[in-house]
Amino acid sequence: MNLTQTLLENKAAAGDKIAVRYHLEDLSYFGLLQKTRAAAGVLGSLGISNGDRVALLLPKGLEFIELHLAVLALGAVVLPLNPGYRPEEIAYFLFDSETNLLITDQEKYDELKNALIGFPDVPVLSIDGECPNCLSYRRLLQQTATAADLPYPTREEDLALLCYTSGTTGRSKGAMITHGNLIHNLQALHQAWHWSEKDVLLHALPLFHIHGLVVALHGCLLAGGTLILLDRFDPQEVWKTIERESCTVFMGVPTMYQRLSQAWGGLSRKPELKSLRLFVSGSAPLSEVLFQRFREQTGHTILERYGMTEAGMIASNPFDPERRKAGSVGYPLAGVQIRIVDAAGRDVRSGEVGEVRIRGNTLFKGYWRQAEKTAEAFRDGWFKSGDLGYRDPGDGGRLFLVGRAKELIISGGLNVYPKEVENVLETREEVLEAAVYGRPDEDLGEKVLAAVVLRPGAVLTPEDCLAHCRRHLAPYKCPKKVTLLPALPRNAMGKIQKQHLPDGPSLPAGLNA
Ligand code: MLC
């Protein structure tokens with residue numbers, strides 16, 4: 001069982017069917033298989049084989065796709081990295097995973113190289129440049145024979161992806177996702193969303209997260225459809241492209257739908273959407289207001305689904321638009337089982353709120369070399385999602401999510417764990433303590449804010465705190481605002497009451513800086 005084989009092999013025979021359209025360049029399924037073979041030839045010549053970790057720190061584009069598929073075809077493991085991560089974040093991922101090869105571009109490598117000093121050497125393959133410390137992908141492509149046969153040396157339980165997710169304790173953990181996980185989940189989605197080779201997916205998501213990589217890219221390739229790849233999300237561009245390319249499917253996070261809805265209002269001529277059969281939203285809760293407004297504006301009912309890196313796609317609203325419900329994530333997908341449990345881990349009564357626990361063939365294998373964290377994440381074989389929800393017994397057990405058991409901010413579809421940001425703020429010696437928290441935001445869903453208490457006599461401005469965060473954290477994790485406080489609000493047990501921090505519903509008198 002190998003993901004690349006499942007995605008490509010039987011389609012290449014279809015010859016010139018377009019797999020990917022990027023910057024008006026068309027790549028057929030046959031062409032994509034050829035490029036994947038050529039990339040596998042290069043990687044093979046560098047000694048990459050079964051079980052090796054290969055980090056992809058790349059901009060969106062065809063090279064990302066061919067190298068990703070080639071790594072998987074060789075039985076090696078892809079470590080997708082957000083190019084927005086700061087060098088020290090990337091250095092941590094590379095050394096924690098013992099990456100065997102880093103594939104990046106010259107600009108990123110130049111940014112990163114100082115952070116790699118002092119660590120064991122990681123070979124670097126650059127897709128666009130030549131430098132004394134990097135291998136050149138382009139030169140190697142010219143010098144190396146294309147892999148005649150892709151080896152596909154994997155079994156169902158072998159790792160395909162190592163996806164780093166932040167943790168409640170601050171340090172990121174690598175979620176180990178297998179070929180079996182991905183293939184089973186894709187087959188379930190294929191059925192649930194009626195994918196077919198007639199589909200044309202407009203792809204405006206990043207490729208370094210499972211939403212854009214697995215659900216969108218792999219989903220479309222499995223169907224034998226065509227991907228229209230945009231470098232980045234721009235609402236005007238999305239509306240224009242849907243019409244121009246007769247797209248049938250669009251996937252996005254709620255922030256994208258918020259911006260699409262806003263842009264719609266300003267369009268003097270509304271785009272023709274008759275080709276579009278499915279708008280899917282995921283990675284963060286979609287508000288009921290946005291669900292309704294989007295339907296009134298466009299006539300389309302967004303299909304909301306529920307997923308997470310560790311468990312893949314868990315639940316989806318039904319395909320029938322009449323049965324999609326605002327505020328609900330629908331029903332478990334094929335191969336997934338869910339339970340709702342109380343704090344003691346016992347099943348709650350139907351309709352009651354509890355933590356969502358998940359089991360099934362899409363569940364990851366655990367956290368890379370973190371047996372203890374893996375054990376904590378499971379109970380009796382069920383994964384503790386950390387999400388709170390209930391199932392409506394009057395509607396066939398439809399799942400509603402109502403909150404989170406663990407501290408997590410979802411900003412624009414990206415997870416931010418407060419602890420990680422607090423740890424960074426507290427590395428400043430002027431800072432006595434910091435509290436990082438989320439507040440509702442119309443555009444991002446939730447925004448990250450921070451309150452900081454300085455040591456007696458210390459001088460530091462909110463701008464200094466922000467600049468410090470920007471040096472050490474990816475931009476999306478950085479607080480949108482920092483407030484200096486004389487003390488953090490605490491309850492009688494000494495626990496910080498984040499609901500009382502600034503921009504919350506009620507701030508106790510005297511706490512504002
Ligand atoms: C960008 N910015 C953000 C942000 N994205 N701030 C907070 N949260 C975010 N998510 C900030 C930048 O730091 C910058 O700030 C400014 O916004 C403009 O940057 P940009 O790069 O131009 O941003 P933009 O293109 O507007 O990006 C917004 C976005 C993007 C919504 C398109 O965040 C995005 O693609 N989100 C999707 C993430 C995703 O794929 N999630 C799936 C995870 S998988 P400044 O101050 O520097 O100007 C998962 C599982 C599942 O969750 O079920 O799917």
The stretch 445-468: number of residues that are within 30 Å of Met256 (Cα to Cα), free of Cβ contacts under 8 Å to residues at least 24 places away in the same chain and open to solvent by 50 Å² or more (accessible area, probe 1.4 Å): 1
In the stretch 394-422, residue most open to solvent (accessible area, probe 1.4 Å) [restricted to those that are more than 16 Å from the ligand (Cβ to nearest atom) and touching a Ser or Thr at 6+ places or on another chain (Cβ under 9 Å)]: Glu407
So Leu273, is it among the aliphatic types (A, V, I, L, M), in contact (Cβ under 8 Å) with a residue 24 or more places away in the chain and away from the ligand (no atom under 16 Å from the Cβ): yes
Residue that is out of contact with any Ser or Thr (no Cβ under 8 Å at 6 or more places or on another chain) and crowded, with 19+ Cβ neighbours inside 10 Å, where the choices are Phe378, Phe383: Phe383
Filter result for Ile177 (touching a residue at least 24 places away in the same chain (Cβ under 8 Å), crowded, with 22+ Cβ neighbours inside 10 Å and in a strand (DSSP E or B)): yes
Identity of the residue in the stretch 53-93, basic (Lys, Arg) and out of contact with any Asp or Glu (no Cβ under 6 Å at 6 or more places or on another chain), that ends up nearest to Ala19 (Cα to Cα): Arg53
Residue in the stretch 218-236 that is of a type in the set (Lys, Arg), more than 12 Å from the ligand (Cβ to nearest atom) and out of contact with any helix residue (DSSP H, G or I) (no Cβ under 6 Å at 6 or more places or on another chain) present: no
Criterion violated by Leu24 - all others in (1) modelled with pLDDT under 95; (2) over 24 Å from Glu237 (Cβ atoms); (3) out of contact with any strand residue (DSSP E or B) (no Cβ under 7 Å at 6 or more places or on another chain) satisfied: (2)
Elements of type helices (runs of 4 or more DSSP H) in the stretch 1-117, at least 3 residues being more than 29 Å from Gln187 (Cα to Cα) and in the same structural domain as Val421 (by TED's automatic domain parsing): none
Boolean, Leu202 is buried (at least 21 other Cβ atoms within 10 Å of the Cβ), more than 10 Å from the ligand (Cβ to nearest atom) and of a type in the set (A, V, I, L, M): yes
Out of Leu333, Leu260, sole residue that is within 13 Å of the ligand (Cβ to nearest atom), closer than 20 Å to Leu401 by Cα and either more than 24 Å from the chain's Cα centre (by Cα) or at pLDDT 95 or above (or both): Leu333
Candidates Asp110, Asp128 - the one that is touching a strand residue (DSSP E or B) at 6+ places or on another chain (Cβ under 9 Å), within 18 Å of Val54 (Cα to Cα) and among the acidic types (Asp, Glu): Asp128
Qualifying residue in the stretch 103-111 (condition: touching a Cys at 6+ places or on another chain (Cβ under 9 Å) and surrounded by fewer than 17 Cβ atoms within 10 Å (Cβ to Cβ)): yes
Residue match in the stretch 203-210 (condition: out of contact with any Lys or Arg (no Cβ under 7 Å at 6 or more places or on another chain) and under 19 Å from Ala315 (Cα atoms)): yes
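Condition check ((1) within 12 Å of the ligand (Cβ to nearest atom); (2) of a type outside the set (D, E, K, R); (3) free of Cβ contacts under 8 Å to residues at least 12 places away in the same chain; (4) open to solvent by 50 Å² or more (accessible area, probe 1.4 Å)) across all residues:
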| position | (1), (2), (3), (4) |
| --- | --- |
| Met251 | yes, yes, no, no |
| Glu288 | no, no, no, yes |
| Arg295 | no, no, yes, yes |
| Thr301 | no, yes, no, no |
| Met308 | yes, yes, no, no |
| Pro318 | no, yes, no, no |
| Ser328 | no, yes, no, no |
Candidate set from the stretch 472-498 (those that are open to solvent by 90 Å² or more (accessible area, probe 1.4 Å) and at pLDDT below 95); member that is farthest from the ligand (Cβ to nearest atom): Ala492
Residue check for Gly360: at pLDDT below 95 and either open to solvent by less than 60 Å² (accessible area, probe 1.4 Å) or within 16 Å of the ligand (Cβ to nearest atom) (or both): no
Output for the stretch 339-357, where each listed residue is open to solvent by 20 Å² or more (accessible area, probe 1.4 Å) and within 27 Å of Glu156 (Cβ to Cβ): Arg339
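Residue-by-condition table, conditions (1) open to solvent by 10 Å² or more (accessible area, probe 1.4 Å); (2) free of Cβ contacts under 8 Å to residues at least 40 places away in the same chain:
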residue	(1), (2)
Asn181	yes, no
Phe208	yes, no
Leu213	no, no
Phe233	yes, yes
Gln236	yes, yes
Thr248	yes, no
Leu267	yes, yes
Ser316, sole failed condition from (1) hydroxyl-bearing (Ser, Thr, Tyr); (2) at pLDDT below 95; (3) under 30 Å from Tyr164 (Cβ atoms): (2)
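The values are calculated or read from the model by the stated rules, or taken from the named source; none is laboratory data. In this text the structure is predicted, and so the values were computed from the model without any measurement. Note that we place each Cβ from the backbone using ideal geometry, even for glycine, and neighbour counts take in every protein chain shown. What goes into the accessible areas is simple: the full protein's heavy atoms, side chains included, and nothing from ligands, DNA or RNA. Shrake-Rupley method; radii C 1.70, N 1.55, O 1.52, S 1.80 Å.
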